[in-house]
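Novice: Shown below is the structure under consideration.
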Amino acid sequence: MLTTTKEMLLKAQDGHYAVGAFNVENLEFVMAVIAAAEERHSPVIMQTTPGTVKYASLDYFAAMARVAAQSASVPVAIHLDHGDGFDRCMQAMHAGYTSVMIDGSHEKFEDNIDLTASVTKVALPLDIPVEAELGKVGGKEDDGPAVEGESPYTDPDQAQQFVETTLCSSLAVGVGTAHGVYKGTPHIEQQVLKDIRSRVDVPLVLHGTSGVPDDQVAEAIKNGICKVNYATELRQAYTRGFMGFMSKYPDTFDPKKAAKPAMEEIKQLVMSHMDNLGSSYKA
Ligand SMILES: [Zn+2]
């Protein structure tokens, strides 16, 4: 059975580890992420952005996650990543998603509160947890424009007011990470994270973690991060495995053959992140 992210993240918060949330793009991603979770006996969140559900529908991903969860021995959740409006969140819940994010971080503070509260009002009574975002995660998210030139950090006082008003279940924070591929070495502002943690008690979420050194992520978990998102690295792993096979055996025309090493690349990557996040053997 699919589970929600609520209990998963509260358990992680109690146990001082984080659950990995891995963006899946197709059937092979789903199978590889589940295989990793099974091998590591780790709870796992699979998530899709609106860009991905434009490629294949919410129904497709909900169905794949449901089938995967039915035969899995570990808790599995399917989460809407960067929900781009009230309607999208409702559609995801209707399709069977067990967790949604409403991303009002591009709006003014008050508008973000109103938008987030409109979703929590419907979702929470149905036991669907809601992730919200305050502050800016840099870089290019999904297929939207790059965010540049504004202070990226979440204000701790605003975070407290935001959580108290919206009743969001978890909060994505701006602490220096960015979506996409980093040009230099990324730097998480651990003090900002500690300040936010001292004001709010909901699980905190780290976005844009692909390319962030493991020791910085581990430190961020000590400082209150309970959910860590990886998207870009999985795309790179899949493409590396697929293309590696095709350049070695260019006459191959059965896509299943090249998909196998592609899935293996994702599986190894996901297992290594689960070890670093501390979620291995926590299922
Ligand atoms: Zn994100």
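The values are calculated or read from the model by the stated rules, or taken from the named source; none is laboratory data. Remember, it's a predicted structure, so these values are computed and weren't measured experimentally. Neighbour counts run over all protein chains shown; Cβ positions are idealised from the backbone, glycine included. Side chains included, ligands, DNA and RNA excluded: accessible areas come from the protein's heavy atoms. Shrake-Rupley method; radii C 1.70, N 1.55, O 1.52, S 1.80 Å.
Novice: From the protein chains alone at 1.4 Å, what is the descending order of accessible area for SER99, SER272, largest first?
Specialist: Highest to lowest solvent-accessible surface, that is SER272, SER99.
Novice: Give a residue-ordered list of calculated ³J(HN,Hα) values for segment 105-115 (Karplus: 6.51 cos²θ - 1.76 cosθ + 1.60, θ = phi - 60°; whole Hz; x for Gly, Pro).
Specialist: Those phi angles translate into 5, 7, 8, 5, 3, 5, 5, 4, 4, 4, 5 Hz.
Novice: For segment 21-135, with all protein chains present and a 1.4 Å probe, just round the carbon and sulfur fraction of the accessible area to a whole percent.
Specialist: 55
Novice: Sticking with this one: Show which lysines lie in cross-link reach of LYS136 when reach means a straight Cα distance below 22 angstrom and same-chain residues fewer than eight apart are skipped.
Specialist: LYS108, LYS183, LYS194, LYS222, LYS227
Novice: I'd like the FRET efficiency for ASP157 and GLN236, computed as 1/(1 + (r/R0)^6) with the beta carbon distance as r and R0 of 45 Å, rounded to 0.05.
Specialist: Calculated value: 0.75.
Novice: Right, next: Report the label-to-label distance for LEU126 and LYS248 in nanometres (one decimal), using points 7 Å from each Cα along the Cα→Cβ vector.
Specialist: Placing both labels 7 Å beyond Cα along the Cβ direction yields 4.6 nm.
Novice: Let me ask something else. Under a 1.4 Å probe, what is the accessible area of the chain per residue, stated in Å²?
Specialist: For the chain, the per-residue accessible area is 44 Å².
Novice: Name the long-range amide H neighbours of ALA21: under 5 Å, sequence gap of 5 or more, or other chain; modelled H, no Pro or chain starts.
Specialist: Close amide H contacts, sequence-distant or interchain: VAL228, ASN229, TYR230.
Novice: List the lysines whose Cα lies under 20 Å from the Cα of LYS260, skipping any in the same chain that are fewer than 8 positions away.
Specialist: Within the straight-line limit of under 20 Å, LYS260 reaches these lysines: LYS248.
Novice: Applying the Karplus parametrisation 6.51 cos²θ - 1.76 cosθ + 1.60 with θ = phi - 60° to the phi angles of segment 248-264, what ³J(HN,Hα) value in whole Hz is obtained for each residue in order, glycine and proline being reported as x?
Specialist: In residue order, the calculated couplings are 7, 10, x, 7, 5, 10, 8, x, 4, 5, 6, 5, 4, x, 5, 5, 5 Hz.
Novice: Find how much the distance from ASP111 to ASP59 grows on full extension, using 0.36 nm per residue of separation minus their present alpha carbon separation; answer in nm with one decimal.
Specialist: Between ASP111 and ASP59, full extension yields 15.8 nm more.
Novice: Among PHE86, PHE109, PHE61, what's the order by accessible area (1.4 angstrom probe), most exposed first?
Specialist: Heavy-atom accessible area, descending, gives PHE86, PHE109, PHE61.
Novice: Please work out the Cα center distance from segment 1-42 to segment 200-249, rounded to the nearest Å.
Specialist: Between the Cα centres of segment 1-42 and segment 200-249 lies a distance of 13 Å.
Novice: I've got another one for you. Is there a quick way to get the dipole size of segment 1-109? I mean about its Cα centre, with the Cβ of Lys and Arg at +1 and of Asp and Glu at -1; what is the value in debye to the nearest 20?
Specialist: The dipole magnitude comes to about 140 debye.
Novice: Ok, one more. At a Förster radius of 51 Å, what calculated FRET efficiency corresponds to the Cβ-Cβ distance of LYS256 and GLN190, to the nearest 0.05?
Specialist: 0.70
Novice: Using θ = phi - 60° and the Karplus form 6.51 cos²θ - 1.76 cosθ + 1.60, what ³J(HN,Hα) does each residue of segment 177-194 get, whole Hz, x for Gly and Pro?
Specialist: Ordered by residue, 3J(HN,Hα) equals 8, 9, 7, x, 9, 6, 7, x, 7, x, 9, 8, 7, 5, 5, 4, 4, 4 Hz.
Novice: I've got another one for you. Leaving ligands and nucleic acids out of the surface, order LEU269, LEU124, LEU206 by accessible area at 1.4 Å, largest first.
Specialist: LEU124, LEU269, LEU206
Novice: Could you check the spin-label model distance between ASP215 and GLN268? Points 7 Å from the Cα along Cα→Cβ, value in nm.
Specialist: Here the answer is 2.4 nm between the modelled labels.
Novice: To the nearest 20 debye, what is the magnitude of the charge dipole of the chain about its Cα centre, counting +1 on the Cβ of each Lys and Arg and -1 on the Cβ of each Asp and Glu?
Specialist: Values: 24 positive and 38 negative charges, 168 e Å.
Roughly 800 debye for the chain.
Novice: Does the chain come out rounded, prolate or oblate by the C-alpha gyration tensor, with a ≥ b ≥ c the root eigenvalues, rounded set by a/c under 1.5 and, if not, prolate when a/b is larger than b/c and oblate if not?
Specialist: Prolate, because a/c is 1.5 or more and a/b exceeds b/c.
Novice: What figure, in Å² to the nearest 10, do you get for the accessible area of HIS106 with a 1.4 Å probe and non-protein molecules left out?
Specialist: 110
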